[in-house]
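The values are calculated or read from the model by the stated rules, or taken from the named source; none is laboratory data. This one's a predicted model, so the numbers in the text were calculated from it and none came from an experiment. Please note: Cβ atoms are built from the backbone with ideal geometry, for glycine as well, and neighbour counts cover all protein chains shown. Note: accessible area is taken over every heavy atom of the protein model, side chains too, but ligands, DNA and RNA are not part of it. Shrake-Rupley method; radii C 1.70, N 1.55, O 1.52, S 1.80 Å.
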Amino acid sequence: MMRVFIGKVRETDMGFPSAIFKSEVFGELWLGENGLEGDEQASGKVHGGPERALLHYSSLHYDWWKKRYPKKGSMFAPALFGENLSDPRWHEKNVCIGDIFRWGDAVIQVSQPRSPCYKLTYRTGCDAMALVMQQQARCGWLYRVLRTGTVGANMPFRFQERVSSVTIHEIMSVMFGTESEEPSMNPDDWQALSETKGLSERWQNTLRKRIGSGRIESWDARLLGTGIL
(Lines give C-alpha, C1' and ligand atoms only; values in the text may rest on other atoms or scores of the structure.)
Protein backbone atom coordinates (compact mmCIF):
# COMPACT_ATOMS: atom_id res chain seq x y z
CA MET A 1 0.00 0.00 0.00
CA MET A 2 1.20 3.45 -0.88
CA ARG A 3 1.86 5.82 2.00
CA VAL A 4 2.13 9.56 1.41
CA PHE A 5 4.08 12.15 3.42
CA ILE A 6 4.44 15.93 3.24
CA GLY A 7 6.27 18.51 5.31
CA LYS A 8 6.90 22.24 5.69
CA VAL A 9 10.28 23.91 6.08
CA ARG A 10 11.04 24.45 9.75
CA GLU A 11 13.91 25.29 12.04
CA THR A 12 15.62 22.18 13.38
CA ASP A 13 18.17 21.17 15.98
CA MET A 14 20.46 20.12 13.12
CA GLY A 15 21.66 23.70 12.70
CA PHE A 16 19.77 24.51 9.51
CA PRO A 17 16.15 24.74 8.36
CA SER A 18 14.75 21.65 6.65
CA ALA A 19 11.56 20.03 5.39
CA ILE A 20 12.88 16.50 5.92
CA PHE A 21 10.48 16.00 8.85
CA LYS A 22 7.30 14.83 7.14
CA SER A 23 3.87 13.71 8.34
CA GLU A 24 1.62 11.09 6.82
CA VAL A 25 -1.48 12.28 4.99
CA PHE A 26 -4.46 10.14 4.06
CA GLY A 27 -6.80 12.39 2.08
CA GLU A 28 -6.67 13.66 -1.47
CA LEU A 29 -3.99 16.19 -2.50
CA TRP A 30 -3.23 18.21 -5.58
CA LEU A 31 -0.04 17.21 -7.36
CA GLY A 32 1.38 20.13 -9.35
CA GLU A 33 4.45 20.27 -11.52
CA ASN A 34 6.62 21.15 -8.50
CA GLY A 35 5.20 18.59 -6.10
CA LEU A 36 2.45 17.87 -3.62
CA GLU A 37 0.17 20.46 -2.12
CA GLY A 38 1.51 21.29 1.35
CA ASP A 39 5.02 19.95 0.75
CA GLU A 40 8.09 22.20 0.76
CA GLN A 41 11.87 22.14 0.28
CA ALA A 42 14.37 24.24 2.19
CA SER A 43 16.78 24.76 -0.71
CA GLY A 44 15.51 25.03 -4.25
CA LYS A 45 19.04 24.66 -5.58
CA VAL A 46 19.41 21.04 -4.49
CA HIS A 47 15.82 19.92 -3.80
CA GLY A 48 12.50 20.18 -5.57
CA GLY A 49 11.60 21.70 -8.92
CA PRO A 50 9.97 20.09 -11.95
CA GLU A 51 12.59 17.33 -12.31
CA ARG A 52 12.49 16.48 -8.59
CA ALA A 53 8.84 16.97 -7.73
CA LEU A 54 8.40 13.77 -5.69
CA LEU A 55 10.75 11.53 -3.71
CA HIS A 56 9.92 7.81 -3.57
CA TYR A 57 11.69 5.50 -1.12
CA SER A 58 11.12 1.77 -0.82
CA SER A 59 9.83 0.76 2.59
CA LEU A 60 11.60 -2.59 2.06
CA HIS A 61 14.93 -0.98 2.96
CA TYR A 62 14.10 -0.06 6.52
CA ASP A 63 14.70 -3.58 7.86
CA TRP A 64 18.14 -3.50 6.23
CA TRP A 65 18.94 -0.17 7.89
CA LYS A 66 17.87 -1.56 11.28
CA LYS A 67 20.42 -4.36 10.88
CA ARG A 68 23.11 -1.95 9.68
CA TYR A 69 22.62 0.38 12.66
CA PRO A 70 21.05 -1.86 15.36
CA LYS A 71 21.55 0.64 18.18
CA LYS A 72 19.33 3.10 16.33
CA GLY A 73 16.91 0.55 14.94
CA SER A 74 13.78 2.12 16.37
CA MET A 75 14.13 5.23 14.20
CA PHE A 76 14.07 3.40 10.88
CA ALA A 77 10.53 3.76 9.58
CA PRO A 78 8.92 5.38 6.52
CA ALA A 79 9.46 9.14 6.13
CA LEU A 80 12.76 9.10 8.06
CA PHE A 81 14.59 10.07 4.87
CA GLY A 82 12.13 12.77 3.85
CA GLU A 83 10.33 10.71 1.22
CA ASN A 84 6.92 11.66 -0.12
CA LEU A 85 6.00 8.14 -1.24
CA SER A 86 6.65 4.85 0.55
CA ASP A 87 5.69 1.49 -0.95
CA PRO A 88 7.14 -2.05 -0.67
CA ARG A 89 6.30 -2.94 -4.28
CA TRP A 90 8.95 -0.76 -5.90
CA HIS A 91 12.70 -0.56 -5.32
CA GLU A 92 15.93 0.40 -7.09
CA LYS A 93 16.29 -2.94 -8.87
CA ASN A 94 12.84 -2.98 -10.46
CA VAL A 95 12.42 0.73 -11.24
CA CYS A 96 14.10 2.19 -14.33
CA ILE A 97 14.94 5.71 -15.40
CA GLY A 98 11.99 7.05 -17.40
CA ASP A 99 9.40 4.65 -15.96
CA ILE A 100 5.94 6.19 -16.16
CA PHE A 101 3.29 5.66 -13.49
CA ARG A 102 -0.31 6.72 -13.23
CA TRP A 103 -1.26 7.88 -9.74
CA GLY A 104 -4.83 8.95 -9.24
CA ASP A 105 -5.53 11.56 -11.89
CA ALA A 106 -1.83 12.37 -12.35
CA VAL A 107 0.93 10.86 -14.50
CA ILE A 108 4.53 10.89 -13.21
CA GLN A 109 7.89 9.78 -14.62
CA VAL A 110 11.10 8.64 -12.91
CA SER A 111 13.73 11.30 -13.66
CA GLN A 112 16.81 10.39 -11.59
CA PRO A 113 18.04 8.65 -8.44
CA ARG A 114 17.88 10.60 -5.21
CA SER A 115 21.29 12.12 -4.46
CA PRO A 116 21.88 11.28 -0.79
CA CYS A 117 22.31 14.46 1.21
CA TYR A 118 24.71 15.14 4.08
CA LYS A 119 21.64 16.18 6.06
CA LEU A 120 20.73 12.49 6.36
CA THR A 121 23.75 12.01 8.62
CA TYR A 122 22.56 14.85 10.85
CA ARG A 123 18.99 13.54 10.74
CA THR A 124 19.93 10.02 11.86
CA GLY A 125 23.12 10.55 13.83
CA CYS A 126 24.66 7.66 11.86
CA ASP A 127 28.19 8.29 10.61
CA ALA A 128 28.55 8.34 6.82
CA MET A 129 24.84 7.64 6.34
CA ALA A 130 24.71 9.47 3.01
CA LEU A 131 27.78 7.67 1.68
CA VAL A 132 26.46 4.25 2.72
CA MET A 133 23.10 5.01 1.10
CA GLN A 134 24.88 6.01 -2.11
CA GLN A 135 27.17 2.99 -2.24
CA GLN A 136 24.33 0.60 -1.45
CA ALA A 137 22.05 2.25 -4.03
CA ARG A 138 19.33 2.27 -1.37
CA CYS A 139 18.73 5.87 -2.28
CA GLY A 140 15.21 6.17 -3.68
CA TRP A 141 14.33 8.09 -6.82
CA LEU A 142 12.66 11.26 -8.01
CA TYR A 143 9.77 11.98 -10.38
CA ARG A 144 8.78 14.68 -12.80
CA VAL A 145 5.06 15.31 -13.23
CA LEU A 146 3.83 14.69 -16.78
CA ARG A 147 0.21 15.43 -15.92
CA THR A 148 -0.96 17.25 -12.84
CA GLY A 149 -3.99 16.03 -10.94
CA THR A 150 -5.58 14.84 -7.72
CA VAL A 151 -3.71 12.06 -5.92
CA GLY A 152 -3.86 10.32 -2.55
CA ALA A 153 -2.74 7.31 -0.55
CA ASN A 154 -5.95 5.44 -1.35
CA MET A 155 -5.87 6.21 -5.07
CA PRO A 156 -4.44 3.66 -7.54
CA PHE A 157 -0.69 3.82 -8.22
CA ARG A 158 0.02 1.78 -11.34
CA PHE A 159 2.95 1.20 -13.66
CA GLN A 160 2.15 2.45 -17.16
CA GLU A 161 5.20 2.40 -19.43
CA ARG A 162 8.93 1.60 -19.53
CA VAL A 163 11.11 3.74 -21.79
CA SER A 164 14.62 2.59 -20.79
CA SER A 165 16.25 -0.52 -19.34
CA VAL A 166 18.56 1.34 -16.92
CA THR A 167 17.57 0.62 -13.33
CA ILE A 168 18.15 3.03 -10.47
CA HIS A 169 20.54 0.48 -8.97
CA GLU A 170 22.53 0.23 -12.19
CA ILE A 171 23.00 3.96 -12.71
CA MET A 172 24.05 4.45 -9.09
CA SER A 173 26.56 1.59 -9.29
CA VAL A 174 28.13 2.91 -12.51
CA MET A 175 28.21 6.51 -11.31
CA PHE A 176 29.37 6.02 -7.73
CA GLY A 177 30.49 2.43 -7.32
CA THR A 178 29.71 0.25 -4.32
CA GLU A 179 31.35 -0.45 -0.99
CA SER A 180 33.57 -3.03 -2.75
CA GLU A 181 33.92 -1.60 -6.27
CA GLU A 182 35.04 1.76 -7.63
CA PRO A 183 32.75 3.73 -9.96
CA SER A 184 33.17 3.11 -13.68
CA MET A 185 35.93 5.07 -15.42
CA ASN A 186 34.82 3.88 -18.85
CA PRO A 187 33.67 6.82 -21.03
CA ASP A 188 31.49 4.41 -23.00
CA ASP A 189 29.52 3.68 -19.82
CA TRP A 190 29.10 7.40 -19.18
CA GLN A 191 28.01 8.01 -22.78
CA ALA A 192 25.43 5.23 -22.63
CA LEU A 193 23.98 6.56 -19.40
CA SER A 194 23.87 10.12 -20.73
CA GLU A 195 21.63 8.91 -23.57
CA THR A 196 19.15 7.20 -21.25
CA LYS A 197 15.65 8.25 -22.19
CA GLY A 198 13.94 10.13 -19.36
CA LEU A 199 17.12 10.98 -17.43
CA SER A 200 17.07 14.46 -15.88
CA GLU A 201 19.05 17.26 -17.49
CA ARG A 202 21.14 17.68 -14.33
CA TRP A 203 22.38 14.08 -14.45
CA GLN A 204 22.94 14.30 -18.20
CA ASN A 205 25.08 17.39 -17.70
CA THR A 206 27.20 15.67 -15.04
CA LEU A 207 27.80 12.73 -17.38
CA ARG A 208 28.70 15.05 -20.27
CA LYS A 209 31.25 16.77 -18.04
CA ARG A 210 32.78 13.41 -17.17
CA ILE A 211 32.98 12.51 -20.86
CA GLY A 212 34.59 15.84 -21.69
CA SER A 213 37.14 15.80 -18.87
CA GLY A 214 37.77 12.06 -18.71
CA ARG A 215 37.49 12.10 -14.94
CA ILE A 216 34.95 11.96 -12.16
CA GLU A 217 33.84 15.25 -10.64
CA SER A 218 35.27 16.17 -7.24
CA TRP A 219 33.03 15.00 -4.42
CA ASP A 220 33.24 13.23 -1.09
CA ALA A 221 30.99 12.37 1.83
CA ARG A 222 30.86 16.00 2.89
CA LEU A 223 29.70 17.15 -0.54
CA LEU A 224 26.92 14.63 -1.06
CA GLY A 225 23.71 16.44 -1.81
CA THR A 226 25.28 19.83 -2.49
CA GLY A 227 23.96 20.14 -6.01
CA ILE A 228 26.44 18.19 -8.15
CA LEU A 229 23.49 15.99 -9.07
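Please report, in debye to the nearest 20, how large the charge dipole of region 104-151 is about its Cα centre when each Lys and Arg carries +1 at its beta carbon and each Asp and Glu carries -1 there.
It works out to roughly 60 debye.
Could you state the accessible area per residue of region 122-227 in Å², with a 1.4 Å probe and every protein chain left in place?
Averaged over the residues of region 122-227, the accessible area is 49 Å².
Calculate the length of the line joining the C-alpha centroid of region 67-87 to that of region 132-157, in whole Å.
16 Å
Applying the Karplus parametrisation 6.51 cos²θ - 1.76 cosθ + 1.60 with θ = phi - 60° to the phi angles of region 64-81, what ³J(HN,Hα) value in whole Hz is obtained for each residue in order, glycine and proline being reported as x?
Ordered by residue, 3J(HN,Hα) equals 5, 5, 4, 6, 5, 10, x, 6, 10, x, 5, 7, 7, 8, x, 5, 4, 9 Hz.
Where Rh denotes the Kirkwood radius from the mean inverse Cα pair distance, what is Rg over Rh for the chain?
A ratio of 0.94.
Rounded to the nearest 20 Debye, what is the dipole magnitude of region 127-179 about its Cα centre when Lys and Arg each give +1 and Asp and Glu each give -1 at the C-beta?
360 debye
What length, rounded to one decimal in nm, is gained on full extension from Ser213 through to Tyr118, with 0.36 nm per residue of separation minus their alpha-carbon distance?
The span from Ser213 to Tyr118 would gain 31.6 nm if fully extended.
Would you please give the residues with an amide H less than 5 Å from that of Leu146, counting only those at least 5 places away or on a separate chain, with H modeled from the backbone geometry?
Distant-sequence amide H within range of Leu146: Val107, Ile108, Gln109.
Which one, Trp103, Tyr122, Leu29, is farthest towards the positive end of the dipole of the chain when Lys and Arg carry +1 and Asp and Glu -1 on their Cβ?
With unit charges placed on the Cβ atoms, the residue in question is Tyr122.
What does the charge dipole of region 1-118 about its Cα centre add up to, to the nearest 20 debye, if the Cβ of each Lys and Arg holds +1 and the Cβ of each Asp and Glu holds -1?
Approximately 660 debye in magnitude.
Among 14-20, 154-160, how do they line up by average Cβ neighbours within 10 Å per residue, starting with the highest?
14-20, 154-160
Could you state the per residue volume, in Å³, of the convex hull enclosing the Cα atoms of region 49-168?
100 Å³
Could the peptides 189-196, 142-149 be put in order, highest first, of the mean number of other beta-carbon atoms found within 10 Å of their residues?
Packing proxy ranking, top to bottom: 142-149, 189-196.
Quick one: Karplus J couplings for region 89-99, per residue in order, coefficients 6.51, -1.76, 1.60, θ = phi - 60°, nearest Hz, x for Gly and Pro?
6, 10, 8, 5, 8, 10, 10, 10, 4, x, 4
Can you list the equivalent-ellipsoid semi-axes of region 31-90, largest first and in whole Å, using the square root of 5 times each Cα gyration tensor eigenvalue?
After diagonalising the Cα gyration tensor, the semi-axes are 26, 13, 9 Å.
Each residue of region 100-107 in turn: what ³J(HN,Hα) in whole Hz from Karplus with 6.51, -1.76, 1.60 and θ = phi - 60°, glycine and Pro shown as x?
Values per residue, Gly and Pro as x: 10, 10, 9, 10, x, 8, 9, 10 Hz.
Tally Lys and Arg at +1 and Asp and Glu at -1 over the other residues with C-beta under 14 Å from the C-beta of Ile97: what net charge comes out?
Result for the neighbourhood of Ile97: 0.
Determine which residues of region 98-115 fall in the zone a paramagnetic label at Val163 would reach in this model, i.e. backbone nitrogen under 12 Å from the point 7 Å along Cα→Cβ.
98-101, 108-112, by backbone N distance to the label point.
Ignoring ligands, DNA and RNA, what percent of the accessible area of the chain is carbon or sulfur (1.4 Å)?
Here it works out to 49 percent.
On full extension of the chain, what length is gained from Asn205 through Thr178, given 0.36 nm per residue of separation minus the C-alpha to C-alpha distance?
Length gained between Asn205 and Thr178: 7.5 nm.
Between Lys66 and Glu37, 0.36 nm times their residue separation minus their Cα-Cα distance comes to what?
7.3 nm
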